[in-house]
Amino acid sequence: MKFQVKPGVYSIGALNPAMRVFDIVMKTDYGTSYNSYLVRGSEKTALIDACHKSFLPQYLDNIRQVCDPKEISVIVLNHNEPDHTGALASLLEEVGDVTIYTTQAGSLYVKAITNRTDLNLKVVKDGDTVDLGGKTLRFIPAPFLHWPDSMFTYLPEDRLVFTCDFLGSHYCEPYLWDYRMAYPQKYKEAFLGYYQAIFGPFKKYVLAGLDKLAALDYDMALTSHGPVLTREQGGYLDYALEKYRLWSTPEKREKKLVPVFYTSAYGNTRKVAKKVAEGILSVMDADVELYDIIDHDLCKLSELLNECDGFAIGTPTINRDAVPPVWQLLSCFDAIGSAKRPCVVFGSYGWSGEGVPNVCARLTSLKCALAAEGLKVNFVPTAEDLDKAFALGEALGKAIG
Ligand code: FEO
């Protein structure tokens, strides 16, 4: 795939329409693309972001349709996850002397990804520029969009901004112009799924990133996955910006949100969950709902987990561990944005009850604030067990304040 975005600016990335799972955990029904761009000034040629290493031959062919790789003297790495920098080590064999521009965090990652310590790296700060001759690249660090190393690169002369993963989508059509998409409804679905999986945990950083973009004069966002976003008739740039702001703006709530998650084979963990909820409500006026994890959509539960003021989670024990739906929910926990969140753990067990301490250990490693020791109940909760469950809820409510 190679096409001209504007005079002297080319999209030369690789298409991967067959991909159905990205990064092990993310379903991608419509494939993806690894977008990369060449910017040709009168003095220098810059490559912006690279490609997944599996697509190196296709990628090099695309570069050669624009120029000899030896003409590239600037490489900008907006983000160093291997879907973008995986091909870099091999690519460096094809180019001449290059200077690599990336953030401080990016400089560490790129060394570890290429296993090279001799790279000619230039660490950039906000506002630093490179003059290519009639085309200027200005760097705008945008941390946690979605890695610490992320940045945008702005090309003011052409009113373009290169946003890497930000505003992207795992979506692949032969022509990656937004206004030429054959299946816009499928694109919207992919755009939402991508946001939820990649940027959902980083909402406050998304809002900061949108503010940085709002300060720029541009008419196209060149992402690293999916179509180029434009303001042409039928383009999706404003749609993408509006959706990111809408999805990232916190809901205004009148009460604190304290979900009680659990699952229960025989109703015993459920009995404890109800008592924990009563305990919470005895010390605070909060929105406290019980959620049996296996009866609800994981995306919805994940949002609650990451947006609540505190939570309780209950698990039975099977095979000396918490049960898989509980682990699946905890795998969605935003360990950065939700650190220090008050929580408590409970559960009924039959033989040995490792589920509760295992979940407590996991939450501790995620830097959550356990409000009390986990409560283990052997089989059917007694009146005394239910009193302890009530007290557990009280402790959580007090910790939330
Ligand atoms: Fe597309 Fe965060 O890599």
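Quick notes on this structure:
- Filter result (surrounded by fewer than 20 Cβ atoms within 10 Å (Cβ to Cβ) and of a type outside the set (Val, Ile, Thr)) within segment 238-250: Asp238, Tyr239, Leu241, Glu242, Lys243, Arg245, Leu246, Trp247, Ser248, Pro250
- Qualifying positions in segment 197-236 - within 16 Å of the ligand (Cβ to nearest atom), open to solvent by 30 Å² or more (accessible area, probe 1.4 Å) and in contact with a Gly (Cβ under 9 Å, 6 or more places away or on another chain): Pro201, Tyr205
- Test: residue in segment 370-381 that is under 16 Å from Ile313 (Cα atoms), open to solvent by 30 Å² or more (accessible area, probe 1.4 Å) and in a strand (DSSP E or B): yes
- Among the conditions (1) within 16 Å of the ligand (Cβ to nearest atom); (2) open to solvent by 70 Å² or more (accessible area, probe 1.4 Å), the only one that Lys44 does not satisfy is (1).
- Of all residues in segment 117-139 being outside any strand (DSSP E or B) and of a type in the set (D, E, K, R), the one that is surrounded by the most Cβ atoms within 10 Å (Cβ to Cβ): Lys135
- The listed residue being in the same structural domain as Asp23 (by TED's automatic domain parsing) and modelled with pLDDT under 95, out of Gly168, Gly209, Gly234: Gly234
- Failed item, numbered, when Ala142 is tested on (1) within 16 Å of Thr163 (Cα to Cα); (2) within 16 Å of the ligand (Cβ to nearest atom); (3) open to solvent by less than 10 Å² (accessible area, probe 1.4 Å); (4) free of Cβ contacts under 8 Å to residues at least 40 places away in the same chain: (4)
- Residue, farthest from the ligand (Cβ to nearest atom), within segment 81-116, restricted to residues that are hydroxyl-bearing (Ser, Thr, Tyr) and surrounded by 22 or more Cβ atoms within 10 Å (Cβ to Cβ): Tyr101
- Boolean, Pro57 is open to solvent by 10 Å² or more (accessible area, probe 1.4 Å) and within 17 Å of Asn115 (Cβ to Cβ): no
- Which numbered condition Leu192 misses (of (1) touching a helix residue (DSSP H, G or I) at 6+ places or on another chain (Cβ under 8 Å); (2) within 14 Å of the ligand (Cβ to nearest atom); (3) open to solvent by 10 Å² or more (accessible area, probe 1.4 Å)): (2)
- Qualifying residue in segment 156-163 (condition: modelled with pLDDT of 95 or more, within 14 Å of the ligand (Cβ to nearest atom), of a type outside the set (A, V, I, L, M) and closer than 21 Å to Ile63 by Cα): yes
- Here segment 387-401 is the region considered, the condition is being open to solvent by 40 Å² or more (accessible area, probe 1.4 Å) and modelled with pLDDT of 95 or more, and the residue that is nearest to the chain's Cα centre (by Cα) is Ala399.
- Between Tyr171, Tyr239, Tyr175, the distinction of being within 14 Å of the ligand (Cβ to nearest atom) and either touching a residue at least 40 places away in the same chain (Cβ under 8 Å) or out of contact with any Phe, Trp or Tyr (no Cβ under 8 Å at 6 or more places or on another chain) (or both) belongs to Tyr171 only.
- Answer residue from segment 6-34, given it is within 20 Å of Pro156 (Cα to Cα) and crowded, with 19+ Cβ neighbours inside 10 Å and is farthest from the ligand (Cβ to nearest atom) among those: Gly8
- Odd one out for Asp131, checked against (1) in contact with a strand residue (DSSP E or B) (Cβ under 6 Å, 6 or more places away or on another chain); (2) closer than 26 Å to Gly8 by Cβ: (1)
The values are calculated or read from the model by the stated rules, or taken from the named source; none is laboratory data. None of these values were measured; they are calculated from a predicted model. We place every Cβ from the backbone using ideal geometry, glycine too, and count neighbours over all the protein chains shown. Just the protein is used for accessible areas: all its heavy atoms, side chains included, with ligands, DNA and RNA removed. Shrake-Rupley method; radii C 1.70, N 1.55, O 1.52, S 1.80 Å.
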